[in-house]
Amino acid sequence: MPAPRSFRHLSVVPDLPPPSAYLPLLERAHAASWFTNFGPIVRAFEDDVLDALGVPGECCVSAANATAGLSAALLAARVAGPVLVPAFTFPASLGAVRAAGLQAIVVDVEPDTWALGAERLRSALDGTGADAVMLVAPFGLERDVSEAFRLCRDRGATVVIDNAAGFGTPRRAAERHPGAFEVFSLHATKPLGIGEGGLVFGPRSHEAALRSALNFGKSESTPLGYEGWGFNGKMSELQAAVGVAQFARRKDILARRQAFASLYVEALAGLPLVHPTDPASSPWQFFPVLLPDAATAERFVAAAADGGVEIRRYYRPSLSRLVEADGATPCPVAEDLADRMCVLPVRSQTSADLSRDIVRTTTAILARSLP
């Protein structure tokens, strides 16, 4: 086999706090011999996040990862029927539905927002009788889902927002859509990663059910001690210790990543590409760019690798092309987006000079790859 290619600029470089920042919390957990089961460090982390990003009437419950958080939200809401999932997303969105014992029905997205639109959603709800809808925020980008939320509310369908890459910025969706669940990832590759972890925001009335779903279905408030189906999806005290230290760095990390995105917006101006233009609209795990066609995307990835830059493809393949997926309708838009989408590297721990070099190198290769 050929040796793996080395890159001067990797697609992702995790930026976690140094061990010294959370060592005192680890020592506290060790002294107490309390390492899991919603311990004091987990609760402190949840409280910090809720105080900063929650809205009135919400709870914040931690999870081992965002996929577990999505499954727990569906279980806590007692969803029993099919769940609509957009075709343009990471496979974890589909996997979370299946892990909750539910049927996922894949629906196409809109070419301009890359997300579920109201008309497609209305048709899918009417045609499938779905009990829940998973609204994905692609690449952690803010999207107005007001009309979609109204449709779901009118039909009594639970809304779970998969915003895996969007943790850290103001949660405007929560302000507009009380009663929805919103789930974030804290994977090492995410802007505020802690290694592994997830956070679930939801109605305060569902907090006990969320914790039960993440703790084997156990509940102290029921005669048998079990509230319903559940699994082991808890965040450990060790994960939460990293989370407390990482969340304290939030403002600096987001400022750096949004400044990095600003460099891309400036450098890509005038090129025949589709990409975000508002640096404040995301915490920027990556910077997504939609190329003119699949051949150009392939050419760019290869040229970038030759130039020492690792470029990844997201979300590829479309969920509609997975054998495990059920499709309510064909998904040509999502399949086309998956074939043309590339994501450019973003950093929070680089110097200003290195940031400019990454952006300059990457966008120059991209410009040369265009037809």
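The values are calculated or read from the model by the stated rules, or taken from the named source; none is laboratory data. Just so it is clear, the model here is predicted, and its values are computed rather than measured. Here the Cβ positions follow ideal geometry from the backbone for every residue, glycine too, while neighbour counts run over all protein chains shown. Please note that ligands, DNA and RNA were not included when accessible areas were found on the heavy atoms of the full protein model with its side chains. Shrake-Rupley method; radii C 1.70, N 1.55, O 1.52, S 1.80 Å.
Considering only residues that are assigned to a loop (DSSP other than H, G, I, E, B) and farther than 16 Å from ILE358 by Cβ, which ones fall in region 307-323? Steps first, please.
Going residue by residue through region 307-323, those that are assigned to a loop (DSSP other than H, G, I, E, B) are 307-308, 310-311, 313-318, 322-323.
Residues satisfying the conditions are ARG313, TYR314, TYR315, ARG316, PRO317, SER318, LEU322, VAL323.
Which residue is nearest to LEU10 (Cα to Cα), if the candidates are limited to region 342-364 and must be in contact (Cβ under 8 Å) with a residue 60 or more places away in the chain, open to solvent by less than 10 Å² (accessible area, probe 1.4 Å) and not hydroxyl-bearing (Ser, Thr, Tyr)?
If we take residues in region 342-364 being in contact (Cβ under 8 Å) with a residue 60 or more places away in the chain, open to solvent by less than 10 Å² (accessible area, probe 1.4 Å) and not hydroxyl-bearing (Ser, Thr, Tyr), then PRO345 is nearest to LEU10 (Cα to Cα).
Out of the residues in region 50-62 that are more than 10 Å from PHE201 (Cα to Cα) and either assigned to a strand (DSSP E or B) or at pLDDT 95 or above (or both), which is most open to solvent (accessible area, probe 1.4 Å)?
It comes out as ASP51.
Given ALA297, ALA261, ALA245, ALA304, which one is outside any loop (DSSP other than H, G, I, E, B) and closer than 23 Å to GLU142 by Cβ?
Working: ALA297 fails: closer than 23 Å to GLU142 by Cβ; ALA245 fails: closer than 23 Å to GLU142 by Cβ; ALA304 fails: closer than 23 Å to GLU142 by Cβ.
Unique residue meeting the criteria: ALA261.
Given (1) open to solvent by 20 Å² or more (accessible area, probe 1.4 Å); (2) assigned to a helix (DSSP H, G or I), where does GLU220 come up short, assuming only one miss?
The failed condition is (2).
Cβ-Cβ below 7 Å, separation at least six or inter-chain, first residue in region 249-265 and more than 16 Å from LYS190 (Cβ to Cβ), second open to solvent by 30 Å² or more (accessible area, probe 1.4 Å): which pairs?
SER262/PRO279; LEU263/ARG356; VAL265/THR277; VAL265/PRO279
Quick check on my filter: what residues within region 263-282 are open to solvent by 30 Å² or more (accessible area, probe 1.4 Å) and either among the polar types (S, T, N, Q) or within 22 Å of PHE7 (Cα to Cα) (or both)?
Keep residues of region 263-282 that are open to solvent by 30 Å² or more (accessible area, probe 1.4 Å), which gives 263, 265-267, 269-272, 274-275, 277-280.
Result: LEU263, ALA267, THR277.
Among the residues of region 9-24, which ones are without any contact (Cβ under 8 Å) to a residue 24 or more places away in the chain and charged (D, E, K, R)? So that I can check it myself, show each step before the final result.
In the first step, residues of region 9-24 are kept if they are without any contact (Cβ under 8 Å) to a residue 24 or more places away in the chain; the result is 18-20, 23-24.
Passing the criteria: none in range.
Among the numbered criteria (1) crowded, with 20+ Cβ neighbours inside 10 Å; (2) in a helix (DSSP H, G or I), which single criterion is violated by LEU23?
Going through (1) crowded, with 20+ Cβ neighbours inside 10 Å; (2) in a helix (DSSP H, G or I) one by one, LEU23 breaks only (1).
Restricting attention to region 33-45, does a residue exist that is within 21 Å of the chain's Cα centre (by Cα) and touching a residue at least 60 places away in the same chain (Cβ under 8 Å)?
Within region 33-45, the subset within 21 Å of the chain's Cα centre (by Cα) is 42, 45.
Still in the running and touching a residue at least 60 places away in the same chain (Cβ under 8 Å): 42, 45.
Yes, that holds for at least one residue.
Somewhere in region 283-292, is a residue assigned to a loop (DSSP other than H, G, I, E, B), in contact (Cβ under 8 Å) with a residue 24 or more places away in the chain and open to solvent by 40 Å² or more (accessible area, probe 1.4 Å)?
yes
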